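Visitor: A single structure is presented below for examination.
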Amino acid sequence: MKLVVVGDSLLDVDVLGTVERLCPDAPAPVLDVEEERARPGGAGLAAALAAADGIDVTLVSAVADDEDGQRLRAELARVPCVLGPSPAPTPVKTRLRAGDQSIARLDRGGGPGAPQATDDMLDAVLEADYVLVSDYGRGLVRDERLRGVLARRPVVWDPHPRGP
């Protein structure tokens, strides 16, 4: 059985360290960084988890041609992908973590301009037995041609409040 994960891929970055003091100029913790880990987020994470479980999966997403997009593509190297262009910068969610606790999250990227589904994306969805839509409100699944193809496949839709 072939699973296709369609939707918005992000780059998740965890900055890990310890906190033993507060900043002298503000009541904010000082994170002494020990390690940084990157991984796919959003639809990319769902596809990577399925692939790690041995599922025949393909990710269909749009990724910008920027430095963060290149880093995301590298994190997806073990996942079969059909990646179209994105007009907006790659969304990055950076979590500052002390132990098992997030102390802050920094978001960048994203923005106006919804990606358009390519013919290759549509073909990949048509080859699916099942589809998981992982919508983070970035706009790919608003594409009318893609929605027409999705209507012809069994779909599980993970919605986002800003999504269609």
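The values are calculated or read from the model by the stated rules, or taken from the named source; none is laboratory data. Here the structure is a predicted model, which is why all the values come from computation and not from measurement. Methodologically, a virtual Cβ is constructed for each residue, glycine included, from the backbone with ideal geometry; neighbour enumeration extends over all protein chains shown. All accessible areas refer to the heavy atoms of the entire protein, side chains included, with ligands and DNA or RNA removed. Shrake-Rupley method; radii C 1.70, N 1.55, O 1.52, S 1.80 Å.
Residue-by-condition table, conditions (1) modelled with pLDDT of 95 or more; (2) in contact with a helix residue (DSSP H, G or I) (Cβ under 6 Å, 6 or more places away or on another chain); (3) farther than 16 Å from S61 by Cβ; (4) of a type outside the set (S, T, Y):
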site: D100; (1), (2), (3), (4): no, no, yes, yes
site: M121; (1), (2), (3), (4): yes, no, no, yes
site: A128; (1), (2), (3), (4): yes, no, no, yes
site: V141; (1), (2), (3), (4): no, no, no, yes
site: W157; (1), (2), (3), (4): no, no, no, yes
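Visitor: Kindly indicate whether any position in segment 79-98 is modelled with pLDDT under 95, of a type in the set (D, E, K, R), in contact with a strand residue (DSSP E or B) (Cβ under 8 Å, 6 or more places away or on another chain) and open to solvent by less than 70 Å² (accessible area, probe 1.4 Å).
Guide: The answer is no, given that none of the residues of segment 79-98 is modelled with pLDDT under 95, of a type in the set (D, E, K, R), in contact with a strand residue (DSSP E or B) (Cβ under 8 Å, 6 or more places away or on another chain) and open to solvent by less than 70 Å² (accessible area, probe 1.4 Å).
Visitor: Still on this model: Starting from segment 143-164, keep only residues that are closer than 23 Å to D119 by Cβ, then list their pairs with residues that are open to solvent by 100 Å² or more (accessible area, probe 1.4 Å) and at pLDDT below 95 whose Cβ atoms are within a distance under 7 Å, requiring at least 6 positions of separation or different chains.
Guide: D143/Q116; P164/R142
Visitor: Is it true that P24 is in contact (Cβ under 8 Å) with a residue 40 or more places away in the chain and over 23 Å from Y136 (Cα atoms)?
Guide: Numbers: in contact (Cβ under 8 Å) with a residue 40 or more places away in the chain: no; over 23 Å from Y136 (Cα atoms): yes.
Here the answer is no, as P24 does not meet what is asked.
Visitor: A further question follows. Of (1) within 21 Å of T94 (Cα to Cα); (2) out of contact with any strand residue (DSSP E or B) (no Cβ under 6 Å at 6 or more places or on another chain), D8 satisfies all except one. Which?
Guide: Among (1) within 21 Å of T94 (Cα to Cα); (2) out of contact with any strand residue (DSSP E or B) (no Cβ under 6 Å at 6 or more places or on another chain), D8 violates only (2).
Visitor: Check whether at least one residue in segment 37-52 is farther than 30 Å from L126 by Cβ, over 12 Å from the mean Cα position of the chain (by Cα) and touching a residue at least 12 places away in the same chain (Cβ under 8 Å), and report yes or no.
Guide: First, pick out the residues of segment 37-52 that are farther than 30 Å from L126 by Cβ: 37-38.
Still in the list and also over 12 Å from the mean Cα position of the chain (by Cα): 37.
Keeping just the survivors that are touching a residue at least 12 places away in the same chain (Cβ under 8 Å) gives 37.
Checked segment 37-52: at least one residue is farther than 30 Å from L126 by Cβ, over 12 Å from the mean Cα position of the chain (by Cα) and touching a residue at least 12 places away in the same chain (Cβ under 8 Å).
Visitor: Mind checking which residues of segment 126-149 are within 30 Å of D107 (Cα to Cα) and in contact with a strand residue (DSSP E or B) (Cβ under 9 Å, 6 or more places away or on another chain)?
Guide: Within segment 126-149, V131, L132, V133, S134, D135, Y136, R138, G139, L140, V141, L146 meet the criteria.
Visitor: Still on this structure: Taking only pairs six or more apart or across chains, which ones have beta-carbon atoms under 6 Å, a first residue in segment 77-89 that is farther than 13 Å from V57 by Cα, and a second residue that is open to solvent by less than 50 Å² (accessible area, probe 1.4 Å) and hydrophobic (A, V, I, L, M, F, W, C)?
Guide: Listed pairs, sorted by first residue: L83/V63; G84/A62; G84/M121; S86/A62; S86/V63; S86/A64; P89/A64.
Visitor: Evaluate segment 140-161: report whether one residue or more is surrounded by 19 or more Cβ atoms within 10 Å (Cβ to Cβ), part of a loop (DSSP other than H, G, I, E, B) and not acidic (D, E).
Guide: Taking segment 140-161 and keeping what is surrounded by 19 or more Cβ atoms within 10 Å (Cβ to Cβ), we get 140-141, 143, 146, 149-150.
Checking which are part of a loop (DSSP other than H, G, I, E, B) leaves us with 143.
Filter again for not acidic (D, E), leaving none.
No - not one qualifying residue is present in segment 140-161.
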